[in-house]
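*Asks:* Quick one: the structure is below, and I'll ask about it shortly.
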Amino acid sequence: PSDEGALSGTGEVCDATVPEFTSIASALDEMCKLNNDDRSSVASVLKTARKYITNVKKDPHNPRYRSFRLSNKVFDQITSKPGSIALITWLGFSIYSSDTDFYACIPLTIDLDAFASVLDKAIQDYS
């Protein structure tokens, strides 16, 4: 089993093992390799992440849009793909745990327009 993107932790501490990428291109290429060079898997993860950014932009200070369970049905479109946790963490999502589940969030410090632009370019490249 691969430890790439592995999550472990208890309470409020979560360790997401993330490879050291030097660029978004290297992060995307690594995820593509982990998915047998299936560019559509990478595009699917990027499109789902983009939807989350779109929702946050509607109400940027509402925590409801910034934090979500990794086990929810929509976010499962991301977590079901090998390398996806490493990719979204590298892009800027934060991963943490509670007593009952793991969560991802989009920190308040992220420039949502820049994030959306990066995702749009990557989606275009991988679609």
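*Asks:* Given (1) in contact with a strand residue (DSSP E or B) (Cβ under 6 Å, 6 or more places away or on another chain); (2) open to solvent by 40 Å² or more (accessible area, probe 1.4 Å), where does D101 come up short, assuming only one miss?
*Replies:* So D101 meets the others, but not (2).
*Asks:* Only one of these is open to solvent by less than 30 Å² (accessible area, probe 1.4 Å) and more than 26 Å from K33 (Cα to Cα): L119, L108, L112, L70. Name it. Quick ask: steps written out before the conclusion?
*Replies:* On the way: L119 fails: more than 26 Å from K33 (Cα to Cα); L108 fails: open to solvent by less than 30 Å² (accessible area, probe 1.4 Å); L70 fails: more than 26 Å from K33 (Cα to Cα).
The conditions single out L112.
*Asks:* Among the helices (runs of 4 or more DSSP H) lying completely within the range 18-81, list those that include at least 3 residues that are among the polar types (S, T, N, Q) and over 19 Å from I95 (Cβ atoms).
*Replies:* So the answer is 39-58.
*Asks:* Still on this model: Taking the condition modelled with pLDDT of 90 or more, crowded, with 20+ Cβ neighbours inside 10 Å, in contact with a strand residue (DSSP E or B) (Cβ under 6 Å, 6 or more places away or on another chain) and on the phi < 0 side of the Ramachandran plot, does A49 pass? Can you show your working first?
*Replies:* Working: modelled with pLDDT of 90 or more: yes; crowded, with 20+ Cβ neighbours inside 10 Å: yes; in contact with a strand residue (DSSP E or B) (Cβ under 6 Å, 6 or more places away or on another chain): no; on the phi < 0 side of the Ramachandran plot: yes.
In short, no.
For (1) of a type in the set (D, E, K, R); (2) free of Cβ contacts under 8 Å to residues at least 40 places away in the same chain, each residue gets a yes or a no:
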| site | (1), (2) |
| --- | --- |
| K73 | yes, yes |
| S80 | no, yes |
| G83 | no, no |
| A86 | no, no |
| T100 | no, yes |
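*Asks:* I'd like to verify a number: residues in the range 53-97 that are among the basic types (K, R) and more than 14 Å from the chain's Cα centre (by Cα), how many?
*Replies:* Qualifying residue count for the region: 4.
The values are calculated or read from the model by the stated rules, or taken from the named source; none is laboratory data. Please read these numbers as outputs of a predicted model, since none were measured by experiment. Glycine also receives a Cβ, built like all others from the backbone with ideal geometry; neighbour counts cover every protein chain displayed. We work out accessible area using only protein heavy atoms, side chains counted, and drop any ligands, DNA or RNA first. Shrake-Rupley method; radii C 1.70, N 1.55, O 1.52, S 1.80 Å.
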